[in-house]
Amino acid sequence: MHDLICPHCSKAFKIDESGYADIMKQIRDREFDAELDKRLALAEQDKRTAIELVKAQLSQALTREAVQKDQLIERLKAQIGSHDLSQKLAINEAIQSVASERDRLAVKLEQSKVEKQLAEAALKDKYETQLKDRDEAIERLRDMKARLSSKMLGETLEQHCENEFNRLRASAFPNAYFEKDNDARGGSKGDYVFRELDPDDLEIVSIMFEMKNESDRSASKNRNEDFFKELDKDR
């Protein structure tokens, strides 16, 4: 039995192992869904951030270079008035050269815009493909979870209960054992049996366990009461 505190009324109540395991499973499922939503949102944000960064870097680099060329042209023009004719001719040639370079940069800028659009499209396709792959992986995991048989879930519960008992045995149950029921002389047997002895090795309590941990999507639903009669006979 486990002691729990109600988060609404702050009152304590007890819950058995089956109910406790069901509550923990619900918590893990909610945490899984929350983590999944969080990771998908982060992936979408990363995609948008990467695209915006590429846009900003391309635009800033090309704009900065074009501005520098325009500034150089203006400086060269300003020098024409203070030099002789030969200097003016040399400056004019320099201006023409810079102007040609500016025109080349303008063409390059236009080409870069096209390349940027292609890069954005490729980046978008990349992230969409990654998100699709993740969605498919999640669906496969969910499908695998839905396909788990009651036997597999029961075996998982058996291992958990045995591990917890062995962890506490030395301090809480020094004269008890909890193990698989291998006695089928009565025609049937339970999954696990708990027996506790007194200092004279006389049995003082015995409990038979039937491990049934159903999946949420299980078609057949069983109640604990359905197993009481058979468990008492096996014990």
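Over all other residues within a Cβ to Cβ distance under 13 Å of LEU131, the charged ones net out to -2, with Lys and Arg as +1 and Asp and Glu as -1. Using only the Cα atoms of the stretch 103-144, build the gyration tensor, take square roots of its eigenvalues as a ≥ b ≥ c, and label the shape rounded, prolate or oblate: rounded if a/c is under 1.5, else prolate if a/b is larger than b/c, else oblate. In terms of gyration-tensor shape, prolate. Shape class of the stretch 15-147 from the alpha-carbon gyration tensor: prolate, with a/c at 1.5 or above and a/b greater than b/c. Local charge for ALA176 was computed over the other residues whose Cβ lies under 9 Å away, with Lys and Arg +1 and Asp and Glu -1, and equals +1. Remark: the LYS88-ASP33 segment gains 12.4 nm on full extension, using 0.36 nm per residue and subtracting the alpha carbon distance.
Every number here is computed from the coordinates shown, using simple stated rules; none is lab data. Quantities reported herein were computed from a predicted structural model and do not represent experimental measurements. For neighbour counting, all protein chains shown are included, and Cβ atoms are generated from backbone atoms with ideal geometry for every residue, glycine included.
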